[in-house]
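Data first, discussion second: the structure below is written as structure tokens.
The values are calculated or read from the model by the stated rules, or taken from the named source; none is laboratory data. In this text, all values refer to a predicted model and were calculated from it rather than measured experimentally. Every residue, glycine as well, gets a Cβ built from its backbone with ideal geometry; the counts of neighbours run over all protein chains shown. With ligands, DNA and RNA removed, areas are computed over all heavy atoms of the protein, side chains included. Shrake-Rupley method; radii C 1.70, N 1.55, O 1.52, S 1.80 Å.
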Amino acid sequence: MALACLTALGAHGVPAKAEGEAAGLEERARALAAQLLIVDTHIDFPIRRLMQPDAVRPLASSGQFDYPRARLGGLDVAFMSIFTSPSAPAPKRHADALIDLMEQMAASMPERFGIATCAADVAALRASGRLALPLGMENGSPLGAGLVNLDHFMARGVRYVTLAHGRSNALSDSSYDVEARWRGLSPLGQRAVAELNAWGVMIDVSHLSDAAAWQVLERSAAPVIASHSSLRHFLPGFHRNMDDALVRAVAEGGGVVQINFGSGFVSNAARRWAERAAAAYMKEHGGARDREGQRAFQAAYRQAHPYPYATVDTVIDHIDRVVAIAGIEHVGIGSDYDGVGDTLPIGLKDVADFPNLIAGLLRRGYGERDLERILGANLMRVWCAAEDVAALQGRAPQCRHAG
Ligand SMILES: [Zn+2]
């Protein structure tokens, strides 16, 4: 195990409270949120910032992520999603533009943000009171034909790669794509797994087809993550979530499943609502994809059919199940804030709400050591293990902040 890496993270242990201490549960949850390392592996802030450059500021803004709310919620590590749509005409340029935005934001407020490019950077940034923003690439398309841009994006600090998004790409099949073009990974995708291992970059199986995820697990020399996926058990037939066998396999490889908070990922009622809304739109407008019209239709549909928001407890059901079938060392959080629109559960509306999750976990009997694992230590263990695999091949992680 990555002793040096993990030691560098510092101790996040919380001293046990004295027996009979009168602090209320909510107060205790807020204190724990401030004390424990909280890592969220999927926040779509970069794309929101790109789409709404005027409306969005990194301080007190709309949306679900900003600095004041992150601090309020106790968030320490916010993986910024470098998301490229499958239809993007110039994937590399797009991904570079998102990374540029994050670099500019960190450079303009160095006392608040730092781009973390190795696991040890997390401890360094935390020690200086800054929010760590590592980069996760969602959709491997920007890596280019023959992975020609791989070195470029590794140098820019990408530290996990979700091989595909909503459609099969040159690397992998996607869970949303019925056409299994590669029956899993393409030959290039297989090579990408080895190359990402060699770089010490985590491989993310969220969005992949089952076959592709299994092939990643067979091939990866390092534990893998699912950066923002919930459980198919609660939403039968929803292939974007993970089935129990896959969850167990990720765990057996030492990896971690980071639960997506979106109601459509955790609640079957919400998923079915979305299906009914889509069917109603189709009935009225056919396949027309006019964005404004779609938005107006959705607003009217919501008026007539209130959206069945999930709750904090719905999300915790998913965490509980990973704990039950795979163990407490293999679950974490990947909220998908700024990525799932107005579908977030009651009580988990933005990055200020992590104390509500902690309170819910305390209510279910999780102890402080358990919380430490779920909120961040499990993910950091996997990040360190990925760096170890690279170190064995003579590649030290490039840190920006750690000495
Ligand atoms: Zn996603």
Residue that is within 16 Å of the ligand (Cβ to nearest atom) and over 28 Å from Asp353 (Cα atoms), where the choices are Ser175, Ser229
Ser175
I'd like the full set of residues that are among the small types (Gly, Ala, Ser) and closer than 20 Å to Ile316 by Cβ, limited to the range 192-249.
Ser206, Ala226, Ser227, Ser229, Ser230
Residues that are open to solvent by less than 20 Å² (accessible area, probe 1.4 Å) and either over 30 Å from Glu372 (Cα atoms) or within 16 Å of the ligand (Cβ to nearest atom) (or both): does the range 97-120 have at least one?
yes
Scanning the range 232-256 for residues that are away from the ligand (no atom under 16 Å from the Cβ), open to solvent by less than 30 Å² (accessible area, probe 1.4 Å) and assigned to a loop (DSSP other than H, G, I, E, B), the one nearest to Ala270 (Cα to Cα) turns out to be Gly255
Collect the residues in the range 147-163 that are under 21 Å from the mean Cα position of the chain (by Cα) and not in a helix (DSSP H, G or I), keeping them in residue-number order.
Arg156, Gly157, Val158, Arg159, Tyr160, Val161, Thr162, Leu163
Output the number of the condition that His207 fails; it satisfies all remaining conditions of (1) open to solvent by 20 Å² or more (accessible area, probe 1.4 Å); (2) on the phi > 0 side of the Ramachandran plot.
(1)
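In the range 326-371, how many residues are within 16 Å of the ligand (Cβ to nearest atom) and not hydrophobic (A, V, I, L, M, F, W, C)?
Count: 9.
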With the condition kept exactly as written, say whether any residue in the range 171-179 is under 27 Å from Leu101 (Cα atoms) and surrounded by 21 or more Cβ atoms within 10 Å (Cβ to Cβ).
yes
Wholly within the range 288-403, which helices (runs of 4 or more DSSP H) include no fewer than the required count, namely at least 2 residues that are open to solvent by 10 Å² or more (accessible area, probe 1.4 Å) and hydrophobic (A, V, I, L, M, F, W, C)?
291-304, 312-326, 378-392
Output yes when any residue across the range 135-149 is surrounded by fewer than 24 Cβ atoms within 10 Å (Cβ to Cβ), without any contact (Cβ under 8 Å) to a residue 40 or more places away in the chain and closer than 17 Å to Met102 by Cα, and no when none is.
no
Selection count where residues are free of Cβ contacts under 8 Å to residues at least 24 places away in the same chain and outside the structural domain of Val201 (by TED's automatic domain parsing), scope the range 240-273:
1
If Asp244 passes every condition in (1) over 19 Å from Ala211 (Cβ atoms); (2) touching a helix residue (DSSP H, G or I) at 6+ places or on another chain (Cβ under 7 Å) but one, which one does it miss?
(1)
Any residue in the range 74-81 that is more than 15 Å from the chain's Cα centre (by Cα) and either more than 16 Å from the ligand (Cβ to nearest atom) or modelled with pLDDT under 95 (or both)?
yes
Sole miss for Val266 among (1) within 26 Å of Arg181 (Cβ to Cβ); (2) within 16 Å of the ligand (Cβ to nearest atom) is condition (1)
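Report, by residue number, each residue of the range 198-212 that is within 14 Å of the ligand (Cβ to nearest atom) and either touching a helix residue (DSSP H, G or I) at 6+ places or on another chain (Cβ under 6 Å) or among the β-branched types (Val, Ile, Thr) (or both).
The answer is Val205, and nothing else.
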Output for the range 150-165, where each listed residue is within 15 Å of the ligand (Cβ to nearest atom) and either open to solvent by 20 Å² or more (accessible area, probe 1.4 Å) or modelled with pLDDT under 95 (or both)
His165
